[in-house]
Structures are given as structure tokens and as C-alpha cells.
Amino acid sequence: MTARGGRVRRTTPAEDKYIVLSAKRNRRTTAQQVANQFLAASEKQISRKTVARRLRGGGLYARRPVVCVPLTRQHRTARLQWCREHHNWTEQDWSCVLFSDESRFSLSSDCRHQLIWHESGTAYRPENIQEKDRYPTCSIMMWAGIMITRLHVVANGTMTGQRYIDEVLLSHVRLFRGAVGDKFVFMDDNATCHRTLAVQDCLDSEGIQRLVWPARSADLNPIENVWDALGRQVAGRNYPPTNKNTLIHALTEEWDKLPQQLLDNVVQSIVRHVECCITLHGGHIPY
């Protein structure tokens, strides 16, 4: 006890710096592992709660890492070049683009429990990103396309090249092309089912202009923000889905509830996405 009756600090200022430095050297280490390292170095035992307090005092907080696909130098160069080529596009130009994507949803939430230590506002720094090629297999695949004032969802199974033609291009994208006219541009990513010769032949025959899209650039696609919003809406329902049918119902119902202003805003956000990617030299952006 101190003269004032308070609790004696278990660590000195120098030891506090050591604890913070240990976490910064390996941001995926746990508080208990840091405590063990501290014991080995100083022969002084402290609790993981003490470690957590010292790290918070040093501006470090335990958070889940941002998960992104790995980007090679070639990927970054291609992304940077694409953004520079489209840097002068206006909101009016982007309003003629149908942004599309598939996403998987499951009944259970993501079970990853790994945390990392990082400072506030630094989630997208390279050292705080966990790169991952594949996401867990989920129950339902959704296809969606968004434009300002327009949206549609298709849900059913796994997408193949022929299904993409029959259920997406001919059933939906062709209608958007007819409504918008010659300025219409279709954006889809580089998934295998999107890049078959049959798909390209279909686009050519329907006069649908495709927006060239850089590989591994889901973060540039504004529809990713819509998927996030949709997932939060489904997770927040009073009666969460319990099987495939109720999951489909929940997804389609919550999609219809998404405010049009949200869709307008995310389409217009592509301008900021492009500028941010250029600033980061083709790196991951915090969409």
C-alpha cells in the first residue's frame, strides 16, 4: 500500500514500455502470453488483466483483425492503374454502372476469435490486416446488383457460368441495359463463372458493355457496404433464421427494407474509394 492507501503498481514505467513493445512486436499475442514473456524476462509475475491495463494505457486495444485477400505487387499495380484511369469519372458516370456481386450468408456468425492489439484508427494498416484467400462455406449464396434507384436480389444455390447467363444476365442485367440505354456499364468481378466464353458471348450479343475490374478488389466495389448492412439487419431480427428457408426469407425481406438513400450513397462512394486506393498506392482501402 502507498502512503495514500492506494494499490501499489505492479510494474514500473520502464516495464510498462516493455509490455507495450512486446505486444507491438507480435500483435497477435494474447495478454496471457505477454504476461508469460514478462515473467521470463523480469522474474516478476503479473496477471493478464494487468497486461491489458498497461496496453490500454499505451493506446493498444484488442480488436478482431480486418480480413482481406492477399495483394501481390502486381495486384497493387493493377488496382492503382485502374483507379487512375477512372479517377476523373463523375458521380453521373458511375450512376450508369450496375455494380454486382455474389455473397454467402450462413445461419451461424463468424466463429473466428483471434484478436490483435492495435491503436485506435489503425485497423487498415498492413500490420493489422489478416490476409485470407477463402471465407468459410456458408448456406445461401445471394446475387445482387445495385444502381442509383435500382436493386435486385437472386438467391438460390451456387452460381455457374450457365446459371449466370440464364438467371442473371438474361433475366436481370439485360433489363437494366434496356432501361439505361447506351451509357449502361455492367460491373462484375473476376469469378470463374463470370469469365467463361459463353458469358462473354452473351454480353456481346446483348450489347452489354462490361467494366474491366482489377483482380482481388472486392473492397473497391461499393456493394460490399450493402452486404455488410444486410448482414447486420438479419442478425438484428427479433427471431433469427433457423433453417435455409427462413434464412432466404430474412435476407430478401431485409433487403427490401434497405433505405434507397443507403444505396444511392454507396454508389456515389466509389469516387472516394478510387481516391483512397490511389493514396494507398493500390493497397487495401477501409470500405
Any chance ALA250 is aliphatic (A, V, I, L, M), without any contact (Cβ under 8 Å) to a residue 24 or more places away in the chain and either crowded, with 16+ Cβ neighbours inside 10 Å or not in a helix (DSSP H, G or I) (or both): yes
Residue match in the stretch 147-164 (condition: closer than 21 Å to TRP213 by Cβ, modelled with pLDDT of 90 or more and aliphatic (A, V, I, L, M)): no
Every residue from the stretch 178-197 that is over 28 Å from the mean Cα position of the chain (by Cα) and either within 14 Å of VAL97 (Cα to Cα) or surrounded by 13 or more Cβ atoms within 10 Å (Cβ to Cβ) (or both): GLY178, ALA179, VAL180, GLY181, ASP182, LYS183
Selection from the stretch 169-194 of residues that are closer than 23 Å to ARG216 by Cα and outside any helix (DSSP H, G or I): VAL185, PHE186, MET187, ASP188, ASP189, ASN190, ALA191
Any hit, the stretch 226-236, residues being within 14 Å of ARG79 (Cα to Cα) and either among the aliphatic types (A, V, I, L, M) or modelled with pLDDT of 90 or more (or both): no
Subset of the stretch 204-224 (residues that are surrounded by 19 or more Cβ atoms within 10 Å (Cβ to Cβ) and in a helix (DSSP H, G or I)): ASP219, LEU220, ILE223
Members of the stretch 22-64 that are hydroxyl-bearing (Ser, Thr, Tyr), assigned to a loop (DSSP other than H, G, I, E, B) and at pLDDT below 85: THR29, THR30
Number of the exception - VAL212 against (1) closer than 20 Å to MET141 by Cβ; (2) in contact (Cβ under 8 Å) with a residue 12 or more places away in the chain; (3) among the β-branched types (Val, Ile, Thr): (1)
Hits in the stretch 253-287 (condition: outside any helix (DSSP H, G or I), on the phi < 0 side of the Ramachandran plot and surrounded by fewer than 14 Cβ atoms within 10 Å (Cβ to Cβ)): PRO259, PRO286
Condition broken by VAL67, with the remaining ones in (1) modelled with pLDDT of 90 or more; (2) of a type outside the set (Phe, Trp, Tyr); (3) in a strand (DSSP E or B) satisfied: (1)
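With ASP219, ASP201, ASP264 as the choices, which residue is under 28 Å from ASP166 (Cα atoms) and without any contact (Cβ under 8 Å) to a residue 60 or more places away in the chain?
ASP201
The values are calculated or read from the model by the stated rules, or taken from the named source; none is laboratory data. Because the structure is predicted, anything quoted here is derived from the model rather than measured. We place every Cβ from the backbone using ideal geometry, glycine too, and count neighbours over all the protein chains shown.
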